Amino acid sequence: MAYLLRTLNLLMITGILITVGSAFGLVNFSMSHIQLAIPVFIYTIFTQAFVMFYFIGVSRLTDNVYFILSSEKNLNELFETPPADLMPYKKKVYQFSQEATRGKRQTIPWTMLILTLGTLGFLLGGAHDTGLVSKTTHSGVVYGFLAATGIGFARQWYYLGKSHLLLRKLKTQFSLPDDAM
């Protein structure tokens, strides 16, 4: 899943760069940057929502496994025959839970900022096109969107890799199938 999300992020960045290049006249298309911005931003919303829910899901999974171990109920969901000493499992899953929560906290605020600035830049672009705001207002918000997207992309790339490895370790720990989440 992490590789899919990384690919979606790369396609998002490519679309954004093509749109910005079209706005500056560096890339020539039969469509204007306004016409390019519409599908690219819809795709950005899709990608960022997908990434955000991935991190929420990984965190939720690790929290659920920790809850099962802590409560010592429904252990048959994790083990065929539960061991007598659950402390090593609890310790390891607690570490997994902390890592998953860290990944969520490091990426979701940037995702929200990307979506907020992208929406504002998109709306201000329409307002500039109708003459309601100046070009500098629209450009300033878009530059902020580009900066947030760059930082958010880097963090998402890093933590997608870490979350992917974390899920592998968690699933190996309990012999869960790869398609289980």
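Compared with the dominant Cα axis of the chain, that is its longest principal axis, helix 135-173 is turned about 20°.
Of Tyr143, Tyr66, Tyr54, Tyr3, the residue with the largest accessible area leads and the full order is Tyr3, Tyr143, Tyr66, Tyr54 (1.4 Å probe).
Taking each residue as 0.36 nm, the span from Ser71 to Lys162 lengthens on full extension beyond its C-alpha to C-alpha distance by 30.0 nm. Extension gain, Arg102 to Met1: 0.36 nm times the residue separation minus the Cα-Cα distance gives 34.5 nm.
Against the chain, whose longest principal axis comes from its Cα atoms, helix 2-23 is set at around 10 degrees. In region 24-181, Cα pairs under 8 Å separated by at least six residues give a relative contact order of 29 percent. Between the entries [x] 1, 8, 15, 17, 13, 10, 9, 7, 6, 5, 4, 3, 1, 0, 0; [y] 1, 9, 16, 21, 21, 17, 9, 4, 1, 1, 0; [z] 1, 6, 9, 9, 6, 5, 4, 4, 3, 3, 3, 3, 3, 3, 3, 3, 3, 3, 3, 3, 3, 3, 3, 3, 3, 2, 2, 1, 0, the label attached to P(r) over Cα pairs in 5 Å bins from 0, in percent calculated for this structure is [x].
Taking 0.36 nm per residue of separation and subtracting the Cα-Cα distance, full extension of the segment from Phe174 to Gln35 would add 45.1 nm. Averaging the Cα positions of each part gives two centres, and for region 129-181 and region 85-99 these lie 27 Å apart.
Heavy-atom accessible area with a 1.4 Å probe sorts Glu72, Glu80, largest first, into Glu80, Glu72. What is the Cα centroid distance between region 1-59 and region 106-125, reported in whole angstrom? For region 1-59 versus region 106-125, the Cα centre distance is 12 Å. Angle of helix 33-71 to the longest C-alpha principal axis of the chain, folded into 0 to 90 degrees and rounded to 10: 10°. Ignoring aspartates and glutamates fewer than eight residues from Lys162 along the same chain, the ones with Cα atoms less than 13 angstrom from its Cα are Glu99.
Taking 7 Å steps out from each Cα toward its Cβ at Thr130 and Gln95 produces label points 5.7 nm apart.
The values are calculated or read from the model by the stated rules, or taken from the named source; none is laboratory data. Note that the structure is a prediction, hence the values are computed from the model and not measured. Every residue, glycine among them, receives a Cβ derived from its backbone with ideal geometry; neighbour counts consider all protein chains shown. Keep in mind that these areas ignore ligands, DNA and RNA; they rest on the heavy atoms of the full protein, side chains included. Shrake-Rupley method; radii C 1.70, N 1.55, O 1.52, S 1.80 Å.
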